[in-house]
Amino acid sequence: MDLSLLQHLAAGNTWGAIRPELALGCLALGLLVLDLLFPKRAGGLVACVSLAGQLAVLADVLCHFHSVWLNQDTFNGLLHPSLAGQAMRVFLLLSSILVVLLARVTLAKHPAPRIEFYHIVLVVTAALMLLVQSNHFVMLFLALETVTVGFYILVSYFRTSTASLEAGLKYLILGALSSALLLFGIAILYGVAGNPFLPGHSADAMRYAELAQFLTLNPHNFLASVGIVLVLAGVAFKVGAFPFQIWIPDVYQGAPTPVTAFLAVASKGAGFAVLLGLVLRAFPSYGWLVTPVITAMAVATILFGNLAALTQHNVKRLIGLSGVSHAGFLLLGVAAAPYAPLAVGAIYFYLLAYLIASFTVFGVMAHLAGPEDSDQELEHYAGLAKDHPFLGAVLAIGLGSLAGIPPLAGFMGKFFVFVAAYQAGMHGALVVAIAGVVVSIYYYFGWIKAAYFEAWKAPAAGSVPVPTPVGKLFGLVLGVLALGSIVLGFYPGPLGHWLQW
Amino acid sequence: MVPETLNAYIGLSAALFALGFLGVLVRRNTLVIFMCLELMLVASTLALVAFSRYNGTMEGNVFVFFILTVAAAEVAVGLAIIVALFRRTQTIRVDRLDTLKR
């Protein structure tokens with residue numbers, strides 16, 4: 001046995017580069033130990049320890065933002081740390097911290113066990129962080145599957161609720177279907193790019209850089225095109241792009257509210273980071289195929305998401321379908337990315353604005369939800385602003401930012417993406433996107449209207465769940481998030497500058 | 001391996017994959033759907049092994065072990081969800097599961 005090869009491989013394992021992920025994994029295991037040591041009062045303790053640990057990891061990532069491993073392959077090419085990857089790490093940690101905060105509110109209303117929820121959230125976050133840095137299809141598939149299997153459990157977490165279990169089953173079937181599509185695409189790409197009879201064939205065909213090299217030398221290979229389309233379909237499913245969005249309303253409605261938020265923000269954000277990596281680093285020479293496919297998907301996604309959201313009365317379905325339209329806007333940015341240098345920064349800015357606005361809205365939803373988590377109707381919001389002015393104000397800011405009302409962050413995000421699309425010459429798609437924004441304002445304002453102007457519609461006391469009182473910590477977080485939407489909208493400058501790479 | 005043999009393997013793999021895909025779309029029993037999903041994973045595995053042998057690289061073979069592990073985890077979680085759902089609703093037919101609004 002050739003030991004020197006193994007030694008060479010082991011030398012490529014720079015464990016320091018994945019320190020945050022390792023820390024999250026250890027923290028997740030630590031939570032289980034904590035539950036064993038203090039079974040009586042572990043419920044509150046575990047959430048606090050999980051929060052503290054994640055804040056420490058976040059501080060570590062921020063302090064070492066320009067880490068020594070930037071832009072060089074680690075783990076023999078499995079991972080590729082980059083500034084974009086660092087930004088996504090911060091994004092994912094922020095969203096998992098907010099999910100834990102939401103979970104404290106939602107889990108208090110249910111008899112479900114606590115510890116496992118926090119454990120799985122940490123494992124999924126670590127896997128997401130590896131996913132956004134992956135540079136190799138084996139890594140991509142394994143990280144994606146860790147995330148997906150974790151989400152199967154999280155979506156069906158309220159196992160006494162039929163809605164939650166049914167959502168879990170639907171996510172399971174369609175998630176596994178999309179993983180199979182992705183896997184078959186990877187297998188085809190691996191087979192074609194390693195074929196010894198084709199020019200530029202590679203011994204390590206699953207690595208992005210070598211695959212890109214092969215594709216440049218074989219610009220119109222039929223089998224490679226099939227593989228690329230299958231891989232894109234698999235990822236499009238995870239971000240909920242048309243025609244792979246069918247799971248979104250049901251799963252978003254049935255899943256516990258913190259999990260809906262996690263799916264809507266972290267899973268979708270990571271999906272777009274992966275998509276950008278694939279389009280820019282793995283398939284750059286197949287623009288003739290990738291660009292039209294993604295543009296068509298973006299247009300169809302914007303149209304479908306906005307039109308389907310118009311008729312919804314359940315707020316979880318509404319936010320799911322409006323999330324589909326947000327995925328469409330982001331896809332527009334991805335399609336523009338190879339041609340407009342602004343697009344990458346615009347997508348990350350959009351994702352950050354989307355995170356802030358979404359968690360503001362989800363925070364309000366978590367407080368208004370009753371014991372049956374899937375039953376959250378627009379009517380429940382009637383008179384919210386009168387009875388709970390703080391929640392009403394925060395909700396209006398969050399929804400306004402999601403709709404893209406000018407002074408708020410969501411508007412700047414859309415604006416940057418549209419400018420990038422314009423630079424890339426996608427004028428037709430841009431017209432559809434702007435029409436989509438107009439439609440989206442209608443249903444977001446329907447929600448705000450319910451909270452502000454329909455107090456007379458408020459059903460008799462007792463027929464709707466009473467909102468949970470907002471805790472001090474959560475009130476502070478909601479206030480900061482709402483403020484974040486306003487500040488980022490007025491002054492996106494430093495962040496926009498920071499996101500240029 | 002000669003190209004004709006590779007074609008046969010890939011043809012079989014594609015046929016199995018298509019069969020699994022159609023099964024997921026058409027069948028109504030959750031357990032059968034689940035088997036069809038596994039069939040799709042196995043079809044990809046077969047393609048990977050055939051390509052790996054033909055190309056003379058080991059990566060495809062190694063990937064197969066990871067896929068088997070993932071499939072096992074997926075089945076464990078999936079069957080748990082199906083059992084929990086059956087206990088509540090006494091059915092595992094997808095057309096009878098309509099608690100969530102369409």
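Label the range B:3-96 by shape, choosing from rounded, prolate and oblate, from the square roots a ≥ b ≥ c of the eigenvalues of the Cα gyration tensor; if a/c is under 1.5 it is rounded, and otherwise prolate applies when a/b is larger than b/c, oblate when it is not. Intermediate results must be reported in sequence, preceding the final value.
Working: a/c = 6.60, a/b = 1.97, b/c = 3.36.
Taking the square roots of the gyration eigenvalues as a ≥ b ≥ c, the range B:3-96 is oblate.
What net charge do the residues around A:Arg159 carry, taking every other residue with its C-beta under 10 Å from that of A:Arg159, with Lys and Arg at +1 and Asp and Glu at -1?
On the way: positive: B:Arg87, B:Arg88; negative: none.
Within the 10 Å Cβ shell, the charges total +2.
Percent of alpha carbon pairs in the range A:18-498 separated by more than 30 Å? Walk me through the numbers before you get to the answer.
Details: 49988 of 115440 pairs.
The answer is 43 percent, as a whole percent.
Give the distance, in whole Å, between the Cα centre of the range A:400-422 and the Cα centre of the range A:23-42.
Between the Cα centre of the range A:400-422 and that of the range A:23-42, the gap is 41 Å.
Let me spell out the model: positive unit charges on the Cβ of Lys and Arg, negative unit charges on the Cβ of Asp and Glu, origin at the Cα centre of the range B:9-102. What dipole size does that give, in debye rounded to 20? Each step should come with its number before you reach the end.
Working: 9 positive and 5 negative charges, 107 e Å.
The calculation lands at about 520 debye.
What does the charge dipole of the protein assembly as shown about its Cα centre add up to, to the nearest 20 debye, if the Cβ of each Lys and Arg holds +1 and the Cβ of each Asp and Glu holds -1?
Values: 29 positive and 24 negative charges, 219 e Å.
For the protein assembly as shown, the charge dipole is close to 1060 debye.
If you take every residue apart from B:Val70 with its C-beta less than 14 Å away from the C-beta of B:Val70, what net charge results, scoring Lys and Arg +1 and Asp and Glu -1?
Values: positive: none; negative: A:Glu145, B:Glu38, B:Glu74.
Spelling it out: positives minus negatives among the neighbours equals -3.
Given a 1.4 angstrom probe, I'd like the percentage of the accessible area of the range B:3-96 that is carbon and sulfur, rounded to a whole number. Can you show the working numbers first?
On the way: 3360 of 4820 Å².
The nonpolar share, carbon plus sulfur, comes to 70 percent.
A:Gln7 versus B:Val62, label points 7 Å from Cα toward the beta carbon: distance in nm?
My value for the distance between the label points is 1.9 nm.
Kindly rank A:323-335, A:427-439 from highest to lowest mean number of other beta carbons found within 10 Å of each residue. Intermediate values should be presented prior to the final figure.
Numbers: A:323-335: 28.2, A:427-439: 16.1.
In descending order of packing, they fall as A:323-335, A:427-439.
Kindly provide the helix-only [θ] at 222 nm of the protein assembly as shown, computed as the sum of -39,500 (n - 2.57) over DSSP H runs of four or more divided by all residues, to the nearest 500 deg cm²/dmol? Kindly include the intermediate steps, with their values, before the conclusion.
Values: 24 runs with 432 residues, N = 603.
Value at 222 nm, helices only: -24500 deg cm²/dmol.
In Å³ and rounded to a whole number, note down the convex hull volume per residue for the Cα atoms of the range A:24-91.
Working: hull volume 6.4 nm³, N = 68.
Looking at the range A:24-91, the number lands at 94 Å³ per residue.
State which entries of A:Lys40/A:Lys316; A:Lys109/A:Lys449; A:Lys170/A:Lys457; A:Lys386/A:Lys472; A:Lys238/A:Lys449; A:Lys316/A:Lys414 exceed 25 angstrom in Cα-Cα distance in the structure shown.
Details: A:Lys40/A:Lys316 34 Å; A:Lys109/A:Lys449 27 Å; A:Lys170/A:Lys457 34 Å; A:Lys386/A:Lys472 20 Å; A:Lys238/A:Lys449 32 Å; A:Lys316/A:Lys414 23 Å.
Correct reply: A:Lys40/A:Lys316; A:Lys109/A:Lys449; A:Lys170/A:Lys457; A:Lys238/A:Lys449.
I'd like the interface area for chains A and B: accessible area of each alone minus the complex, both sides summed, 1.4 Å probe, protein heavy atoms only. What is it in Å² to the nearest 100? Before the final figure, lay out the partial values.
Details: alone 19500 and 7450 Å², together 23000 Å².
So the total buried area for this chain pair works out to about 3900 Å².
Relative to the present Cα-Cα distance, how much length would full extension add between A:Asn71 and A:Arg19 at 0.36 nm per residue of separation?
Details: separation 52, 0.36 × 52 = 18.72 nm, distance 1.65 nm.
Stretched fully, the A:Asn71-A:Arg19 segment lengthens by 17.1 nm.
So, for the range A:218-324, what is the accessible surface per residue at a probe of 1.4 Å, expressed in square angstrom? Kindly include the intermediate steps, with their values, before the conclusion.
Values: 2560 Å² over 107 residues.
On a per-residue basis, 24 Å².
Using a probe radius of 1.4 Å on heavy atoms only, what accessible surface per residue do you get for chain B? Whole Å² is fine. The partial results should precede the final answer.
Values: 5450 Å² over 102 residues.
Here the per-residue accessible area is 53 Å².
The values are calculated or read from the model by the stated rules, or taken from the named source; none is laboratory data. Only a predicted model underlies this, so the values are computations on that prediction, with no experimental measurement involved. Neighbour counts run over all protein chains shown; Cβ positions are idealised from the backbone, glycine included. Just so you know, the surface numbers come from the protein's heavy atoms only, side chains and all, with ligands and any DNA or RNA stripped out. Shrake-Rupley method; radii C 1.70, N 1.55, O 1.52, S 1.80 Å.
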